[in-house]
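What follows is a single structure, written as structure tokens, with notes after it.
The values are calculated or read from the model by the stated rules, or taken from the named source; none is laboratory data. Small disclaimer: the values here were computed from a predicted structure and weren't measured. Heads up, the Cβs are rebuilt from the backbone with ideal geometry, glycines too, and the neighbour counts pull from every protein chain shown.
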Amino acid sequence: MAKEKKRVKRIIIRLGKETKFGVFSLGKRINIEDVRRLRSLFSDEKAKILFIIKTRQPNSLYDLAKILERDFKAVRKDVKDLEYYGFIKLVKVGKGKRKSLKPILAVDEVLINFIL
């Protein structure tokens, strides 16, 4: 049986005169302009979203919002941020006219490196 390869998200923070942030995943780099944006990426709400997706595997964003007991619009915004940075994927599920987006984890591990 083949061993499954871990999906790793790597975040590198270079400290110096101009602090630079970068999120790396599968050779793709996304720059983060400031500390506030980086901090918001790791908010308690987003951490809960990742935990619920991993443990409860909701079938839709609506189900995710219900489990979290949060407003759908706020959850959708947080999910879109996590999708943009490559932490989750949204997969269309359902039949006929009624399709929904199922959130799925896109990474198994997050590494944060500080380069001084």
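So, Leu61, is that one at pLDDT 70 or above, farther than 16 Å from Val107 by Cα and of a type in the set (A, V, I, L, M) or not?
yes
Would it be correct to say that Val79 is closer than 26 Å to Lys5 by Cβ, in contact with a Gly (Cβ under 8 Å, 6 or more places away or on another chain) and surrounded by 11 or more Cβ atoms within 10 Å (Cβ to Cβ)?
Answer is no for this residue.
Kindly check whether there is at least one residue in the stretch 91-100 that is surrounded by 18 or more Cβ atoms within 10 Å (Cβ to Cβ) and out of contact with any Phe, Trp or Tyr (no Cβ under 9 Å at 6 or more places or on another chain).
No, there is no match, as no residue in the stretch 91-100 is surrounded by 18 or more Cβ atoms within 10 Å (Cβ to Cβ) and out of contact with any Phe, Trp or Tyr (no Cβ under 9 Å at 6 or more places or on another chain).
Could you please give the count of residues in the stretch 51-101 that are in contact with an Asp or Glu (Cβ under 9 Å, 6 or more places away or on another chain) and part of a helix (DSSP H, G or I)?
Number satisfying all stated conditions: 6.
Can you tell which of Arg39, Arg70 is under 23 Å from Val8 (Cβ atoms) and charged (D, E, K, R)?
From the options Arg39, Arg70, the qualifying one is Arg39.
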